[in-house]
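As structure tokens, the structure follows; a few thoughts come after it.
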Amino acid sequence: MVIVETKDITKVYQKGTDVPIYAVRNVSLSISRGEFVAVMGPSGSGKSTLMNIMGCLDRPGEGHVLLDGQPVHTLSDEDLARVRNEKIGFVFQSFNLLPNTSALENVELPLIYSDRDHITETAKSALEKVGLADRLHHTPAELSGGQQQRVAIARALVNDPEILFADEPTGNLDSRAGYEIMALFQDLHAQGRTLVLVTHDAGLAGYATRIIQIADGRITSDKENRKTRVARDELKKMAETPEVNE
Ligand SMILES: Nc1ncnc2c1ncn2[C@@H]1O[C@H](COP(=O)(O)OP(=O)(O)OP(=O)(O)O)[C@@H](O)[C@H]1O
Ligand SMILES: [Mg+2]
């Protein structure tokens with residue numbers, strides 16, 4: 001079953017009198033439930049623009065986005081925000097957590113917006129699932145980068161979204177923390193979660209089951225990854241060779 005579909009979407013930025021920038025051009029693409037998709041491409045190729053449009057954070061200039069088969073362009077900004085809160089989780093390179101606010105309160109926020117019951121218990125359970133049961137009352141400044149990203153992942157998952165988008169989620173992390181995040185994503189995929197990972201790193205894309213390449217705003221390749229790497233193997237290797245520093 002298709003969760004997100006883009007139909008011939010284009011996004012052009014026109015800055016001053018400069019030539020227009022085609023951040024995304026004529027992209028048609030569909031993502032089905034349970035897929036783990038990596039979107040790859042060089043810096044400036046349109047990965048974030050495409051992801052923000054697929055995740056309904058941004059609207060295309062031309063073309064349509066369907067979420068669960070429903071066109072989203074007819075929705076008001078307010079309705080779109082509600083749909084996003086219910087159906088879509090986002091994780092960013094820079095974590096985007098509220099400072100001076102505990103891990104638990106950060107994860108509670110989307111539940112408060114969606115007016116849910118049992119907010120604290122649900123947020124606690126989301127933090128337990130990312131291995132942070134013992135860090136509930138730490139603020140972002142009191143957590144490592146990898147831990148902050150796991151709080152952000154718990155926050156993205158707490159409303160049980162249909163799909164999780166992650167834009168360069170390991171970009172600010174060292175390789176061990178990066179493998180830990182990738183191992184967590186592979187566990188989520190094994191549990192049936194739909195994931196879209198944006199990266200310019202071929203090594204990281206190797207953990208996904210489908211790899212889409214984009215260049216200059218266009219899809220240049222879209223293939224199943226038959227040799228999916230396993231992040232836990234990488235972590236195991238690291239544990240076996242603790243004396244090797246990077
Ligand atoms: N708000 C904006 N206004 C003008 N131009 C923009 C804007 N956002 C993106 N662009 C341009 O659109 C193109 C695609 O940008 P985008 O951020 O999607 O690239 P990216 O593939 O995510 O790059 P990176 O790997 O560096 O994050 C770039 O040329 C960028 O300069
Ligand atoms: Mg980007």
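The values are calculated or read from the model by the stated rules, or taken from the named source; none is laboratory data. Computed from a prediction, not measured in an experiment: that's the story for all the values here. Virtual Cβ from ideal backbone geometry, glycine too; neighbours counted across all protein chains shown. For the accessible areas, the whole protein counts, side chains as well, though only heavy atoms, and no ligand, DNA or RNA atoms are used. Shrake-Rupley method; radii C 1.70, N 1.55, O 1.52, S 1.80 Å.
What does the extension gain come out to for Lys227 and Asn172, with contour length at 0.36 nm per residue minus their alpha carbon separation? Don't skip to the answer; put the middle values down first.
Details: separation 55, 0.36 × 55 = 19.80 nm, distance 2.61 nm.
Working it through step by step, the gained length comes to 17.2 nm.
Can you pull the percent of the range 2-240's accessible area that's carbon plus sulfur, 1.4 Å probe, other chains left in place?
47
For the range 47-177, what does the alpha-carbon gyration tensor say about shape, rounded, prolate or oblate, given a ≥ b ≥ c as the root eigenvalues, a/c under 1.5 as rounded, and a/b over b/c as prolate? Please list the in-between numbers first.
Working: a/c = 2.48, a/b = 1.50, b/c = 1.66.
Oblate, because a/c is 1.5 or more while a/b does not exceed b/c.
May I have the convex hull volume per residue, in Å³, for the Cα set of the range 2-240?
Working: hull volume 32.4 nm³, N = 239.
Dividing the Cα hull volume of the range 2-240 by its residues yields 136 Å³.
Bin width 5 Å, origin at 0, all Cα-Cα pairs of the range 95-144: what percent of pairs per bin?
All Cα pairs considered, the percentages come to 4, 24, 32, 25, 12, 2, 0.
If packing is taken as the mean number of other Cβ atoms within 10 Å per residue, what is the order of 45-52, 172-179, highest first? Don't jump to the answer; show the numbers that get you there.
Working: 45-52: 22.4, 172-179: 17.1.
Result, highest mean first: 45-52, 172-179.
For Lys11, Lys223, give the ranking by accessible area with the largest first, probe 1.4 Å.
Numbers: Lys11 30, Lys223 135 Å².
The most accessible residue leads, giving Lys223, Lys11.
Placing unit charges on C-beta atoms (Lys and Arg positive, Asp and Glu negative, everything else neutral), compute the dipole magnitude of the range 2-240 about its Cα centre in debye, rounded to 20. Intermediate results must be reported in sequence, preceding the final value.
Working: 27 positive and 33 negative charges, 140 e Å.
Rounded to the nearest 20 debye, it is 680 debye.
On a C-alpha basis, how far is the centre of the range 1-78 from the centre of the range 172-214 in Å? Whole number, if you could?
About 20 Å separates the Cα centre of the range 1-78 from the one of the range 172-214.
So what's the back-of-envelope 222 nm ellipticity for the chain, counting only DSSP H runs of four-plus at -39500 (n - 2.57) apiece and dividing by all residues, rounded to 500?
Working: 8 runs with 84 residues, N = 246.
The per-residue figure over the chain is -10000 deg cm²/dmol.
Given a 1.4 Å probe and heavy atoms of the protein chains only, how would you sort His73, His138, largest accessible area at the top? Kindly include the intermediate steps, with their values, before the conclusion.
Numbers: His73 95, His138 60 Å².
Sorted descending by solvent-accessible area, the residues read His73, His138.
Label points 7 Å out from Cα along the Cβ direction at Ala190 and Ala202: separation in nm?
Placing both labels 7 Å beyond Cα along the Cβ direction yields 2.7 nm.
On average, how much accessible surface per residue is there in the chain, in Å², for a 1.4 Å probe, leaving out ligands, DNA and RNA? Don't jump to the answer; show the numbers that get you there.
On the way: 12450 Å² over 246 residues.
Accessible area per residue: 51 Å².
For Arg33, Arg84, Arg210, what's the largest-to-smallest order of accessible area, 1.4 Å probe? Each step should come with its number before you reach the end.
Working: Arg33 115, Arg84 65, Arg210 35 Å².
Order by accessible area, largest first: Arg33, Arg84, Arg210.
Suppose R0 equals 41 Å; then what is the FRET efficiency for Ser76 and Met238 from their Cβ-Cβ distance, rounded to the nearest 0.05?
So, using R0 = 41 Å, E works out to roughly 0.25.
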